[in-house]
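Note sheet for the following structure.
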Amino acid sequence: AYGMDYTAEDEKLIKEKWDDLLYSCTKICKNDEDWNFIKRAFFLAKEAHQGVRRRSGEPYLLHPIAVAKIVIEEIGLGVKSVVASLLHDVVEDTNVKLDSLKSEFGPDVAHLVDGVTKLTRISFSSVEEQQAENLRKMFLAMAKDIRVIMIKLADRLHNMRTAKYWSPEKQKEKARETMDIYAPIAQRLGISKIKVELDDLSLKYLEPEAYYDLVKNVNMKREERQAF
């Protein structure tokens, strides 16, 4: 039956994160239509990702919810981007077809989801530095809509924030890719806060000693400032 694969604990976690996202949505929703649009996307994602878990053991659904929240709070995009963020993995990972998204949510959302899906399918790992610039250009050219890249950046940011659950090999591979491709693109788009965090998170897995030295220094400076 529907809903069987979410435990009571899952439901509680999901509700918490969903309520938190709805609070953020008050910034962008102008009318009932906007609210319903986002809610329909949430329920479809919830059904589509049912029974799927992240490496952390949490329900997979928490990932698209987190991406949608980043898209509102840290990037400043609107309702369609939030809907696309909630649905960004359904075509890639579940049996929901792009056509049904199009009829259900309109061509704009379908186009955003399709763009993110196509970017997800390219692997940028183990690129040489001189190739990186070409890949960045390809990345930017493939996504004809800038919102696609913003959603993909939010997706990568959340994955890097939760990278502790990956194998060490995957951590290094994704960190290198993040540093070579994603962080420079964030900088180019003028989202410097995200660029800095992507670099920091990459450093954590590529150069752990340098990273922890940095963290220590920042904390010492903070303590010095507070001492005054």
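Numbers at a glance
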| read-out | value |
| --- | --- |
| Selection from region 81-114 of residues that are small (Gly, Ala, Ser) and either farther than 19 Å from Tyr182 by Cα or open to solvent by 20 Å² or more (accessible area, probe 1.4 Å) (or both) | Ala84, Ser100, Ser103, Gly106, Ala110 |
| Candidate set: region 160-170, residues that are part of a helix (DSSP H, G or I) and open to solvent by 30 Å² or more (accessible area, probe 1.4 Å); chosen: the one nearest to Val116 (Cα to Cα) | Arg161 |
| Lys118 surrounded by 14 or more Cβ atoms within 10 Å (Cβ to Cβ), at pLDDT below 95, charged (D, E, K, R) and over 13 Å from the mean Cα position of the chain (by Cα) | yes |
| Set Leu98, Leu61: member being among the aliphatic types (A, V, I, L, M) and touching a residue at least 24 places away in the same chain (Cβ under 8 Å) | Leu61 |
| Helices (runs of 4 or more DSSP H) fully within region 1-80 counting 2 or more residues that are open to solvent by 40 Å² or more (accessible area, probe 1.4 Å) | 8-25, 32-48 |
| Contacts under 6 angstrom Cβ, first residue in region 36-49 being more than 11 Å from Ala84 (Cα to Cα), partner in a loop (DSSP other than H, G, I, E, B), 6 or more apart | Lys46/Leu61; Ala48/Thr94; Ala48/Val96; His49/Tyr60; His49/Leu61 |
| Selected residue [under 26 Å from Val71 (Cα atoms) and open to solvent by less than 40 Å² (accessible area, probe 1.4 Å)] from Arg136, Arg176, Arg147 | Arg136 |
| Among (1) open to solvent by less than 10 Å² (accessible area, probe 1.4 Å); (2) in contact with a Gly (Cβ under 8 Å, 6 or more places away or on another chain), the one test that Met142 misses | (1) |
| Where Ala183 falls short, out of the listed (1) in a loop (DSSP other than H, G, I, E, B); (2) within 23 Å of Leu86 (Cα to Cα) | (1) |
| Test: Leu157 is in a helix (DSSP H, G or I) and at pLDDT 95 or above | yes |
| Criterion violated by Val79 - all others in (1) over 14 Å from the mean Cα position of the chain (by Cα); (2) over 22 Å from Asp145 (Cβ atoms) satisfied | (2) |
| Complete set of residues in region 81-96 that are hydroxyl-bearing (Ser, Thr, Tyr) and either in contact with a Ser or Thr (Cβ under 9 Å, 6 or more places away or on another chain) or assigned to a helix (DSSP H, G or I) (or both) | Ser81, Ser85 |
| Flag if Gln130 is over 24 Å from Leu112 (Cα atoms) and over 19 Å from the mean Cα position of the chain (by Cα) | yes |
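The values are calculated or read from the model by the stated rules, or taken from the named source; none is laboratory data. Since we're looking at a predicted model, the values are computed, not measured. For neighbour counting, all protein chains shown are included, and Cβ atoms are generated from backbone atoms with ideal geometry for every residue, glycine included. Protein only, heavy atoms only, side chains kept; ligands, DNA and RNA dropped before computing areas. Shrake-Rupley method; radii C 1.70, N 1.55, O 1.52, S 1.80 Å.
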